[in-house]
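Worksheet for the structure shown next.
The values are calculated or read from the model by the stated rules, or taken from the named source; none is laboratory data. Keep in mind it's a predicted model, so treat the numbers as computed, not measured. Here the Cβ is made from the backbone with ideal geometry for all residues, glycine too, and neighbour counts use every protein chain on show. Calculation scope for accessible area: heavy atoms of the full protein, side chains included, ligands and nucleic acids excluded. Shrake-Rupley method; radii C 1.70, N 1.55, O 1.52, S 1.80 Å.
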Amino acid sequence: MAKRSVVVRNEKRKVIVSKHWKKRQELKAAAINPKLSAKKRQEAQRKLAELPRDSNRIRLRNRCALTGRPRGVYKKFGICRHMIRVLASQGQIPGLLMSSW
């Protein structure tokens, strides 16, 4: 089980990313647009740098919805491999069969 503070921090980052997503995309497009003048591109880069650091999508971490574990998270289920094993053995994940031989 991950520390609660780490899980909450990641949730805050999700909110910040969604809040600044559109603005960030516009500034990034302006910063690399060769049709704009160098001064306008530089201004767009400066404004992009002034945005909060946590507004960058790369700072988000996939975490297990049940335990908060940061590694071994399957995107399809949104839970970590440990919980998939436990829930699959209990038959609580529809359509998932545990193989045994």
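Are there any helices (runs of 4 or more DSSP H) wholly within the chain with 3 or more residues that are aliphatic (A, V, I, L, M) and open to solvent by 60 Å² or more (accessible area, probe 1.4 Å), and if so which?
Counting at least 3 such residues, we get no helices (runs of 4 or more DSSP H) at all.
Specify which of the listed residues (SER37, SER55) is touching a residue at least 24 places away in the same chain (Cβ under 8 Å) and hydroxyl-bearing (Ser, Thr, Tyr).
The match here is SER55.
Would you pick out the residues in region 74-101 that are aromatic (Phe, Trp, Tyr) and either under 27 Å from ARG61 (Cβ atoms) or touching a Cys at 6+ places or on another chain (Cβ under 6 Å) (or both)?
Passing the criteria: TYR74, PHE77.
Between VAL17, VAL73, VAL7, which is under 24 Å from ILE93 (Cβ atoms), under 14 Å from the mean Cα position of the chain (by Cα) and modelled with pLDDT of 95 or more?
One residue alone meets the criteria, VAL73.
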